[in-house]
Every structure is written in C-alpha cells, then in structure tokens.
Amino acid sequence: MQQKYIGKAISRVDGPAKVTGTAKYAAEYNVPDLHYGYVVNSTIANGEIEKINLTKAAMVDGVVKIYTHENRPSTAWLSLNYADMDAPPGKPFVPMHNNKVVYNGQPIAMVVAKSFEVARYAASLITVEYKADKSDTDLVANLQNARDPKKGLASFLKPPPPKPKGNAAKAYEAAPLKAGGSFYHGVEHHNPMEPFATTVVYEDKDKLKIYDKTQGSVNTQMYVANVFGLKFKDVRVLSPFVGGAFGSGLRPQYQLFLSVMAALDMQCNVRLTLNRHQMFTFGHRPATLQNTFYGADADGKLQSIQHESVAETSTYEDYTEIVVNWANMIYPSPNVNLQYKLAPLNMASPMDMRAPGGATGMHPVEITIDELAHQAGMDPVEFRLLNYTDEDETTGKPYSSKELKECFKQAAEKFGWAKRNPQPRSMRRGHKLVGWGMATGIWEAMQVPTRAEAILTADGKLTVRSATADFGTGTYTVMAQIAADAMGMSLDNVTFELGDSDMPFAPISGGSFTAASCGTAVQAACLGLKKKLLKKAQSTNAEYKSVNLDDIAFVDGQLQPTNSAVKPIAYTDLAAASKNKQIASKNMGWPQMMKQRKYTRAAHSAIFAEVEVDEDFGVVKVTRLVSAIAAGKILNPKTARSQILGGMVWGISKALREESVMDHRIGRFMNTNLGEYHTPVNADIHQLDVIFVEEDDQIVNDLGIKGIGEIGLVGVPPAIANAIFHATGKRVRNLPIKLNDLM
Amino acid sequence: MKSEPQVINNEHDKLPAALAPELDIVLRVNGHDRTITVRPWVTLLDALRGRLDLTGTKKGCDHGQCGACTVLVNGKRINSCLTLAVMQTGNDITTIEGIAQDGMHPMQQAFIDHDAFQCGYCTPGQICSAIGMLNEGHAHTRGDVQELMSGNLCRCGAYTNIVDAIMEVKEAQGNE
C-alpha cells in the first residue's frame with residue numbers, strides 16, 4: 001500500500017467545525033419543548049435519607065416534576081443490567097435506587113422544569129434529613145481493610161500481578177545498594193472542559209435519540225437498553241463531538257440514567273447537564289499508597305524488586321488498575337515480589353483516568369531507580385542501560401519492538417544531558433536551584449475487535465464509519481488518512497464518521513487502543529471494498545475475469561491492473577453501475593492474535609526535565625521537558641505531537657498541581673471547582689519538545705500502530721520529581737509536590 | 001442526625017418568592033438585533049446558548065474560572081457566564097460565530113494550522129480571548145501572551161500550540 005497520507009502532518013479534519021463553533025456537543029442540541037433537569041446531591045457519605053422536603057421546590061412556577069428514590073419509575077432488577085463495558089467487578093451504582101447513601105455527592109433528587117434556571121433554583125430549595133453513619137474516606141487510615149481485589153471480566157484487560165519470583169526480601173537484605181520508600185498520591189478528577197451532559201430526544205413511545213457525552217456510543221446504547229428494557233434498535237446514541245474525557249466517558253455517568261428516566265416517564269425531551277461541582281461526584285483516579293524496596297549489586301544490577309500498592313475503591317465495586325506490574329516489565333531482576341490490594345471506602349467507585357495504573361505505578365518505579373543510580377554513583381541513563389531488557393520478565397515474552405535505547409539517545413541529545421553535573425544542588429540560575437532529571441515511560445499496546453464500513457459513491461466520495469469516538473484524540477483525521485491510502489484516493493474525497501451507535505460496532509475508546517483497533521477495522525473495510533470493486537469489474541468487464549486482487553493497484557481512484565493490456569477502471573464507473581449508485585463493505589478488524597500472543601507489545605518513552613526551584617519559597621517551574629516516544633507507526637505527527645504535549649502538561653499537573661482534597665470528617669471533597677482544583681494555566685507551561693523515534697513493528701498490527709493517548713503522561717511526573725531531587729537534594733515521594741515539601 | 005440544609009436560606013420557613021417577570025430585551029449579537037424573552041437571572045452565556053442557539057460559546061464552569069464562555073462585548077473580552085443578559089442591551093456582542101467577516105478569521109486559521117486544540121471545547125473561548133487580548137495591546141512578548149491568556153483553561157494541554165498560533169497572528173498584524 002502506498003502511504004501518501006499516513007505519517008503526514010495533516011491538520012485536523014474537524015478543525016474548521018471546532019474553531020467556528022459549529023461542532024456541537026451533547027448539551028447543544030436545542031430540540032423543541034425541551035425540559036431541563038437539575039440534580040441534588042447528598043451531603044453525607046454514608047447513611048440513609050430519612051426525609052426529602054420537596055414542598056417549596058414543587059411550588060416554584062415552571063417546575064414540572066421532582067424525582068427522588070420514593071417516586072422514581074422502576075428500572076431493571078438485575079445488577080447485571082447496569083454493567084457497562086468498563087464496569088469493574090461488583091454492583092454498579094444505581095441512581096436513586098433506595099434511601100441508602102454510599103458516597104458524598106451521590107445524586108438523590110432531580111428537579112425537571114421548563115427552564116434551566118427554574119430547575120436550578122427549585123433544586124436549591126430542597127432540604128434533606130439524613131441518618132448519617134460513620135464514613136471512612138481516608139485510605140491511609142484504613143489500610144487494615146486492604147484485601148485482594150475480586151476477579152471479574154475486567155481482569156482480562158487488567159491482569160493481577162504475576163506470582164513472586166525468587167526470594168525478594170532476602171535478596172533485598174543482602175543487596176549492597178538499597179532504595180525505596182513510601183509513595184502516596186491523593187484523588188484526582190478528570191475535569192474535561194465539557195461537563196457531562198445528555199440531551200434525550202423522545203421520538204416515540206420507547207424510542208429515543210440520545211446525545212450523550214461518552215467515549216463509546218454503543219456503551220451508552222447498551223446501558224440504556226438494558227436498564228430501561230428498550231430494544232437496541234430503538235435507542236440511538238450520538239456523540240460526534242466530545243469536549244474532552246480522559247477516561248471519564250468510559251462509563252455512563254448518572255446524568256444519562258436520570259435524563260433517560262425522566263424522558264421516558266414524562267414522554268418529552270429532557271436535557272440534564274452536570275455543573276462543575278458535580279463533575280467531582282463520580283469516578284476519579286483512586287488515592288494510592290505504594291511502597292518500594294529495590295536492591296542492586298555493587299555494579300548496579302538489580303537483584304530485588306519489591307513493589308506493593310494499596311488503592312482505594314468504593315464499597316460496591318472493585319475498581320482495579322495495573323499499578324505494580326510495570327517494574328519487572330522494564331527492569332530484569334532475579335527476585336521479584338509484587339502485591340496489589342484494595343481498601344474499600346465510602347466513596348464513589350474510582351475509574352480509569354489517563355494512563356490509569358501506569359501513571360500511578362511508574363512514579364515510584366522511576367524514582368526508586370533514580371535513587372539507586374544516585375547511590376551507585378551512576379548516571380541515571382547509564383543505570384537504565386545497565387538494567388535494560390528486550391524481554392518482559394513478567395511474562396517471559398520478548399517485546400514486539402522496543403526502541404527505548406534510541407529514545408534515551410535522542411532525548412538526551414536534544415536536552416543537552418551530557419552537560420549535567422551529577423551532584424545535587426550543583427546547578428543554579430541566580431537564586432534558583434536548577435535540576436535535571438529523567439525517567440522512562442511504558443504503556444501497553446492493545447487492540448480490540450472493531451467494525452467499520454466503507455461506502456464508495458458514484459460521485460467519487462468515500463465515506464468510512466465506525467461507532468468509535470474522537471474526544472480530541474484525532475480519530476476523525478487519522479482514520480480518514482488510513483482510508484485514503486488504503487483506497488488510493490485523495491483525502492479531500494474521504495470522510496470518516498463516528499460517534500453514532502447506528503454505525504458498525506466499536507467498543508469504548510480508551511487505553512490508547514483506538515487507533516490500532518479502528519485503524520485495523522478501516523483497513524479491513526477498505527479491503528472488503530476493493531474485493532467488491534473487483535467483483536463488479538469482473539461482472540461488467542470481460543477483461544477482468546482472470547485478474548486477481550493481488551494483480552491490481554488501487555491508485556488515483558482507479559483499478560489499475562499490473563497487466564497493462566487490461567484497461568484501468570475508475571471506481572466511479574463501478575459505483576455508478578451498482579445498485580443505489582454505491583458499493584459498500586462492512587468488516588471486522590480482528591487483532592492478529594496468533595502473531596501477537598508470543599510478544600509483549602508496548603510503547604516506550606524517555607523524558608528529560610529541567611526545573612528551577614526558588615530556594616526561599618519552594619516554587620517549582622518546569623522550564624523544559626523533552627519527551628522521546630517510541631510508539632510504532634505515527635499516523636499523523638501533527639495530531640500525535642499534540643497528544644504527547646497534552647500528556648506532558650498532564651504530567652506537570654500531576655507532579656505539581658492537581659489533587660482533590662477531602663475533608664475526612666464529612667467525606668466530602670473541598671476544592672470542587674476549577675479555581676481550587678489546580679491544573680496548569682498557559683503561563684505554567686514552558687518549553688516542551690516531542691521526538692518521535694522511528695519504530696517499525698510488524699507484530700502489533702498491519703499498520704504498526706501502538707497508540708499514544710497515555711504514553712505522553714507516563715514518566716513525566718517522576719522525571720520532574722527526579723529533577724527536583726537534583727536541584728534541591730530533597731527526595732519528595734508524594735504527589736503533588738508542594739511548596740512546603742521544598743522549603 | 002439532622003443535616004444542614006443544602007442551601008442556607010434565612011427565610012427558611014417562608015414560601016419561595018414569586019419569580020421575577022420575564023422581560024423582552026434586544027441583544028445586538030454578531031451585528032444583528034435579536035429580541036429574546038428572559039428573566040433577569042439568565043446569564044448572557046445561557047441566553048446565547050439556549051435562547052439564541054449560538055452554542056459556539058461554551059459552558060465549562062459557570063463560575064468565571066475557565067474562560068470557555070469568553071465573548072467580545074464592544075471589542076473587549078468578558079466571561080459571558082459572569083454577566084446577565086439584561087445587562088448587555090445596547091452593547092455590541094460578538095461570539096465565535098461572528099468573529100469572521102467572511103470565511104475564517106486569521107486567528108481561527110492559525111489555531112487550525114498550529115493544532116491549537118484537541119477536543120475543541122475551550123477553543124471558541126480561547127479564540128475570542130486571543131482576539132480580545134490583542135485588541136488590548138498589552139501583549140508584546142510570548143511571555144506576555146502566556147500570562148494574558150491564563151484565564152482560559154485547556155485541559156487537553158494545547159497551551160504551547162495556542163501561543164504559537166497567537167504569536168503568528170500577532171506578528172502578521174504587526175507587519176501590516
């Protein structure tokens with residue numbers, strides 16, 4: 001296949017819609033006779049609702065109905081019906097199911113009114129009487145409750161840690177070089193810029209069109225159909241534009257349930273939007289406490305890896321992540337002990353948030369390695385090269401490709417690492433201490449079965465579609481590129497459509513697996529289309545009877561047989577001669593399991609960071625970051641670079657800014673707004689350099705795609721923490737790193 | 001245990017006050033006079049999005065903390081969530097839908113060229129804010145632009161590309 005567009009820095013095809021304001025998000029479909037919902041949230045974390053006083057709210061002019069657990073229509077009985085594609089083992093939360101309160105901020109009532117303002121005002125008049133029980137929300141104070149996670153369907157994609165190897169404790173004791181410590185990070189919330197919203201269009205009895213903020217239109221469709229007992233074909237979910245998600249859209253949020261419930265009950269169109277405070281009342285990155293104990297021999301070779309983690313989960317689901325598996329995937333060691341436990345708390349279930357588990361687990365790994373390198377008196381890059389492997393020791397499988405060495409080399413060169421004075425506190429700029437640190441990142445390259453359809457019309461246009469999502473990830477653009485190259489057509493004539501449950505099946509979009517999964521599906525659909533084009537050519541043109549698919553080049557919108565005696569035929573002629581003046585093919589893109597299973601497949605990165613630390617005030621400025629990424633084929637360096645830049649900004653945020661702070665006395669987050677939940681602003685972000693290292697991988701999939709959504713973040717926080725150590729001599733293990741840690 | 005009511009209301013036992021009456025107001029938006037019927041508590045943001053179907057202006061926080069709702073009023077950038085529609089009669093309001101004379105405004109094109117967005121949700125606010133900022137005339141350096149654009153959050157992390165886009169437009173304006 002000729003690659004005219006794949007690998008080219010093409011501007012986002014959805015760019016014009018986004019810069020002109022015509023791209024419509026879930027809360028922006030102003031359908032007629034729209035009713036507006038507004039949610040009331042619980043103010044206790046554990047207990048029962050004794051009474052909800054609705055009298056005053058009901059008296060407000062314009063209020064149509066108020067729902068609570070006492071009057072809401074019944075929905076599916078079985079817990080299984082509430083399980084979405086990303087549901088962890090346990091019983092999913094069901095809004096307003098009964099009078100029990102299981103977390104602070106839980107939705108307990110919803111006002112539906114004829115205007116947004118009336119609904120909001122009426123909701124403010126509702127008062128609630130509770131019987132509050134003791135609530136436990138502090139992970140560190142509840143470690144005694146830590147236990148093994150329950151297993152379930154999710155364990156396939158998130159396997160538990162491998163069994164211990166050798167005797168890690170003994171080897172640690174005997175090791176001349178030892179490092180490690182205790183690492184804690186608190187809760188983080190995704191906070192996409194677009195709040196969660198659903199607009200439900202009531203089309204007919206039991207027939208809905210739903211505009212939802214989701215990372216998977218089919219996931220929403222399945223959930224609504226199962227919960228409300230509707231037929232799949234009567235539930236159409238649309239999400240052509242999603243204003244950021246970062247994992248928060250992998251599960252249906254409660255505004256979906258409540259708005260659909262009201263629309264079906266009231267038989268009208270309903271919109272429910274969450275406010276920013278309510279964006280802190282569902283899933284989040286779980287607070288996690290980790291301990292590492294690493295030992296190395298006198299030469300710096302790792303002899304023992306011990307990494308244990310306790311993460312928070314809710315009382316009703318066992319949300320898990322891969323936190324402790326990473327160390328032995330990238331660093332060989334004869335003795336390994338990895339432990340992962342959960343402590344249930346009176347909080348909402350955590351959920352996947354950008355690089356779930358990876359960003360969490362690699363932080364201690366890369367800081368502990370930095371400590372060992374420092375003790376060994378070795379350069380951190382050299383130390384990593386000494387402990388380098390081309391085999392994943394947790395499975396005993398080789399990597400399908402791993403250009404990490406090249407990442408180290410190119411990033412170090414760009415950064416000017418050779419000029420580093422290894423001594424902490426040795427570099428200064430005026431009254432600011434300067435530190436240079438580095439770290440490694442890894443994220444598994446996954447692929448899941450996905451379907452796509454390719455439709456060629458007589459006007460020479462190709463439309464390819466799949467029910468996948470683009471929440472800033474570039475899916476619209478890269479899929480169009482893949483399709484244009486697959487069919488040998490101009491990109492101008494190719495459109496990729498997504499975000500509609502009526503389109504061919506796609507699972508939720510996350511885990512960095514969409515480009516590989518949907519890209520494979522697009523290729524499969526285009527191959528199917530080529531076969532149909534040939535078949536049509538054979539039926540209309542005798543010359544083609546003996547021509548095989550392999551003997552034709554599909555270029556410039558034509559079938560061009562290698563045998564020059566056979567005349568080329570334009571796609572448009574074949575489409576024009578077909579029923580409805582179009583030829584279409586719908587196909588499944590399957591992972592090449594037989595090839596893949598013999599290898600561990602992962603993207604890697606090397607991150608180099610420069611920080612300035614104000615010696616008096618402890619203020620940290622990340623002046624430079626260089627990130628070199630080896631992630632197989634980069635489909636579009638322009639959109640891919642943006643993904644990595646975004647990951648780097650998230651890394652700075654995770655290292656120095658963001659944390660949802662809990663008042664454990666009442667089990668409620670205190671900083672539930674964008675002024676107090678700190679994320680970087682423009683002035684916080686300085687020089688960011690991205691390098692894509694060439695990596696050819698024939699095993700992951702035909703196109704060699706590994707995925708880049710997560711890898712940009714992993715490794716950035718430890719690189720910054722290591723740079724802060726180099727600047728100040730202070731080893732800060734908790735996140736985020738605060739001023740007072742450095743004063 | 002009786003918990004605190006969700007909203008502290010001093011007139012707790014009284015009936016809710018009657019709602020203020022709806023008013024017909026004229027807003028001049030993108031060069032056109034538009035008559036809408038709103039209660040005084042409707043923000044400019046909600047009036048634009050809900051009443052005028054100008055959904056290009058985004059609601060990210062409704063608190064003046066994120067900048068997604070930035071529009072231009074008489075050429076100055078403001079957070080449309082922090083002002084009421086009834087306060088904006090007689091003013092010239094420009095939203096993302098109205099910033100281009102014809103085709104695309106150079107700032108819009110620069111945002112596309114520099115890939116200065118991902119999900120696109122903060123983008124109309126960023127673009128209106130950038131145009132308003134250049135109108136203010138205080139941005140001389142890249143650092144100034146970063147500082148003066150810090151009222152517009154971008155969770156996707158497109159900040160460096162946003163500054164690149166703005167600097168390109170700024171330099172082109174300077175050369176005119």
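The values are calculated or read from the model by the stated rules, or taken from the named source; none is laboratory data. Bear in mind the structure is a predicted one, so any value in this text is a computation, not a measurement. Every residue, glycine among them, receives a Cβ derived from its backbone with ideal geometry; neighbour counts consider all protein chains shown.
Residue count for segment A:649-667 satisfying the condition of being closer than 12 Å to A:Glu188 by Cβ, away from chain B (no Cβ under 13 Å), not in a strand (DSSP E or B) and not hydrophobic (A, V, I, L, M, F, W, C): 1.
Go through the residues of segment A:642-651 one by one and say whether even a single one is of a type in the set (Phe, Trp, Tyr), in contact with a helix residue (DSSP H, G or I) (Cβ under 8 Å, 6 or more places away or on another chain) and assigned by TED's automatic domain parsing to the domain that holds A:Thr394.
The initial filter retains those residues of segment A:642-651 that are of a type in the set (Phe, Trp, Tyr), namely A:650.
After this cut, where a residue has to be in contact with a helix residue (DSSP H, G or I) (Cβ under 8 Å, 6 or more places away or on another chain) as well, the list is A:650.
If we keep only those that are assigned by TED's automatic domain parsing to the domain that holds A:Thr394 too, we end up with A:650.
Checked against the condition, which is being of a type in the set (Phe, Trp, Tyr), in contact with a helix residue (DSSP H, G or I) (Cβ under 8 Å, 6 or more places away or on another chain) and assigned by TED's automatic domain parsing to the domain that holds A:Thr394, segment A:642-651 yields at least one hit.
Kindly indicate the residue of segment A:713-739 that is part of a loop (DSSP other than H, G, I, E, B) and among the hydrophobic types (A, V, I, L, M, F, W, C) and also surrounded by the fewest Cβ atoms within 10 Å (Cβ to Cβ) among those meeting that condition. For segment A:713-739, the residue satisfying everything is A:Val732.
Table: residues versus (1) assigned to a loop (DSSP other than H, G, I, E, B); (2) assigned by TED's automatic domain parsing to the domain that holds A:Asn104; (3) small (Gly, Ala, Ser); (4) over 25 Å from A:Ile644 (Cβ atoms).
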residue: A:Gln303; (1), (2), (3), (4): no, no, no, yes
residue: A:Glu308; (1), (2), (3), (4): no, no, no, yes
residue: A:Asn328; (1), (2), (3), (4): no, no, no, yes
residue: A:Tyr340; (1), (2), (3), (4): no, no, no, yes
residue: A:Asn346; (1), (2), (3), (4): yes, no, no, yes
residue: A:Met362; (1), (2), (3), (4): no, no, no, no
residue: A:Glu366; (1), (2), (3), (4): no, no, no, no
residue: A:Ile369; (1), (2), (3), (4): no, no, no, no
residue: A:His374; (1), (2), (3), (4): no, no, no, yes
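With respect to the conditions (1) on the phi < 0 side of the Ramachandran plot; (2) modelled with pLDDT of 95 or more, A:Lys581 falls short on a single one, namely (1). If the condition is being more than 7 Å from chain A (Cβ to nearest Cβ) and in contact with a Lys or Arg (Cβ under 9 Å, 6 or more places away or on another chain), then segment B:33-42 contributes B:Arg34, B:Ile36, B:Thr37, B:Val38.
Scanning segment A:199-212 for residues that are assigned to a strand (DSSP E or B) and either surrounded by fewer than 24 Cβ atoms within 10 Å (Cβ to Cβ) or in contact with a Phe, Trp or Tyr (Cβ under 7 Å, 6 or more places away or on another chain) (or both) yields A:Thr199, A:Val201, A:Tyr202, A:Glu203, A:Asp204, A:Lys207, A:Leu208, A:Lys209, A:Tyr211.
If I filter segment A:15-37 down to residues being within 9 Å of chain B (Cβ to nearest Cβ) and in a helix (DSSP H, G or I), which single residue comes out as surrounded by the most Cβ atoms within 10 Å (Cβ to Cβ)? Among those that are within 9 Å of chain B (Cβ to nearest Cβ) and in a helix (DSSP H, G or I), it is A:Val19.
Consider segment A:469-494. How many of its residues are outside any helix (DSSP H, G or I) and either without any contact (Cβ under 8 Å) to a residue 60 or more places away in the chain or not assigned by TED's automatic domain parsing to the domain that holds A:Ile583 (or both)?
Result for segment A:469-494: 1.
Within segment A:668-681, can one find any residue that is touching a residue at least 24 places away in the same chain (Cβ under 8 Å), part of a helix (DSSP H, G or I), closer than 21 Å to A:Arg354 by Cα and outside the structural domain of A:Ala521 (by TED's automatic domain parsing)? No, segment A:668-681 contains no residue that is touching a residue at least 24 places away in the same chain (Cβ under 8 Å), part of a helix (DSSP H, G or I), closer than 21 Å to A:Arg354 by Cα and outside the structural domain of A:Ala521 (by TED's automatic domain parsing).
Residues checked against (1) modelled with pLDDT of 95 or more; (2) more than 22 Å from A:Ala26 (Cβ to Cβ); (3) crowded, with 24+ Cβ neighbours inside 10 Å; (4) within 25 Å of the chain's Cα centre (by Cα):
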position: A:Gly460; (1), (2), (3), (4): yes, yes, no, no
position: A:Phe471; (1), (2), (3), (4): yes, no, yes, yes
position: A:Ile482; (1), (2), (3), (4): yes, yes, yes, yes
position: A:Ser501; (1), (2), (3), (4): yes, no, yes, yes
position: A:Cys518; (1), (2), (3), (4): yes, no, yes, yes
position: A:Ala521; (1), (2), (3), (4): yes, yes, yes, yes
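Looking at the structure I just gave you, is B:Lys2 of a type outside the set (Ser, Thr, Tyr), assigned to a loop (DSSP other than H, G, I, E, B) and at pLDDT 95 or above?
Against the criterion (of a type outside the set (Ser, Thr, Tyr), assigned to a loop (DSSP other than H, G, I, E, B) and at pLDDT 95 or above), B:Lys2 does not qualify.
Looking only at residues of segment A:213-256 that are surrounded by fewer than 24 Cβ atoms within 10 Å (Cβ to Cβ) and assigned to a loop (DSSP other than H, G, I, E, B), we find that the one that is nearest to the other protein chains (Cβ to nearest Cβ) is A:Pro240.
Scanning segment A:260-280 for residues that are assigned to a loop (DSSP other than H, G, I, E, B), over 15 Å from A:Val63 (Cα atoms) and not basic (Lys, Arg) yields A:Gln267, A:Leu274, A:Asn275. Each residue in segment A:663-714 was checked for being of a type in the set (D, E, K, R) and within 29 Å of A:Ala132 (Cα to Cα), and 4 pass. Any residue in segment A:276-284 that is within 14 Å of another protein chain (Cβ to nearest Cβ), in contact with a Gly (Cβ under 6 Å, 6 or more places away or on another chain) and within 30 Å of A:Asp33 (Cα to Cα)? Among the residues of segment A:276-284, at least one is within 14 Å of another protein chain (Cβ to nearest Cβ), in contact with a Gly (Cβ under 6 Å, 6 or more places away or on another chain) and within 30 Å of A:Asp33 (Cα to Cα), which makes the answer yes. Consider segment B:77-112 and keep the residues that are among the polar types (S, T, N, Q), at pLDDT 95 or above and out of contact with any helix residue (DSSP H, G or I) (no Cβ under 7 Å at 6 or more places or on another chain). The one that is nearest to B:Val169 (Cα to Cα) is B:Gln109.
Looking at segment A:87-104, is at least one residue touching a residue at least 24 places away in the same chain (Cβ under 8 Å), touching a Pro at 6+ places or on another chain (Cβ under 6 Å), at the interface with chain B (Cβ under 9 Å from one of its Cβ atoms) and not in a strand (DSSP E or B)?
No, every residue in segment A:87-104 fails to be touching a residue at least 24 places away in the same chain (Cβ under 8 Å), touching a Pro at 6+ places or on another chain (Cβ under 6 Å), at the interface with chain B (Cβ under 9 Å from one of its Cβ atoms) and not in a strand (DSSP E or B).
Only one of A:Ile691, A:Ile685, A:Ile634 is modelled with pLDDT of 95 or more and under 16 Å from A:Gly441 (Cα atoms). Can you tell me which? Exactly one of A:Ile691, A:Ile685, A:Ile634 is modelled with pLDDT of 95 or more and under 16 Å from A:Gly441 (Cα atoms), namely A:Ile691. Scan segment A:553-573 and give yes if some residue there is assigned to a strand (DSSP E or B), aliphatic (A, V, I, L, M) and within 14 Å of chain B (Cβ to nearest Cβ), otherwise no. The answer is no, given that none of the residues of segment A:553-573 is assigned to a strand (DSSP E or B), aliphatic (A, V, I, L, M) and within 14 Å of chain B (Cβ to nearest Cβ). Only residues that are more than 30 Å from the chain's Cα centre (by Cα) and either among the hydrophobic types (A, V, I, L, M, F, W, C) or surrounded by 18 or more Cβ atoms within 10 Å (Cβ to Cβ) (or both) were counted in segment A:382-400, giving 2.
Under the condition of being touching an Asp or Glu at 6+ places or on another chain (Cβ under 6 Å) and more than 22 Å from A:Gly7 (Cα to Cα), the residues counted in segment A:624-659 number 2. Scan segment B:68-75 and give yes if some residue there is in contact (Cβ under 8 Å) with a residue 12 or more places away in the chain, closer than 25 Å to A:Ala640 by Cα and hydrophobic (A, V, I, L, M, F, W, C), otherwise no. The answer is yes; a qualifying residue exists.
Within the group A:Asn104, A:Asn99, A:Asn53, A:Asn46, which residue is within 30 Å of B:Ala20 (Cβ to Cβ) and of a type outside the set (Ser, Thr, Tyr)? Give the steps one after another, and end with the answer.
On the way: A:Asn104 fails: within 30 Å of B:Ala20 (Cβ to Cβ); A:Asn99 fails: within 30 Å of B:Ala20 (Cβ to Cβ); A:Asn46 fails: within 30 Å of B:Ala20 (Cβ to Cβ).
Exactly one residue qualifies, and that residue is A:Asn53.
In segment B:141-155, the residues that are within 7 Å of another protein chain (Cβ to nearest Cβ) and surrounded by fewer than 21 Cβ atoms within 10 Å (Cβ to Cβ) reach residues that are assigned to a loop (DSSP other than H, G, I, E, B) and among the β-branched types (Val, Ile, Thr) with C-beta atoms within less than 7 angstrom, at least six apart or across chains, in these pairs: B:Ser150/A:Val681.
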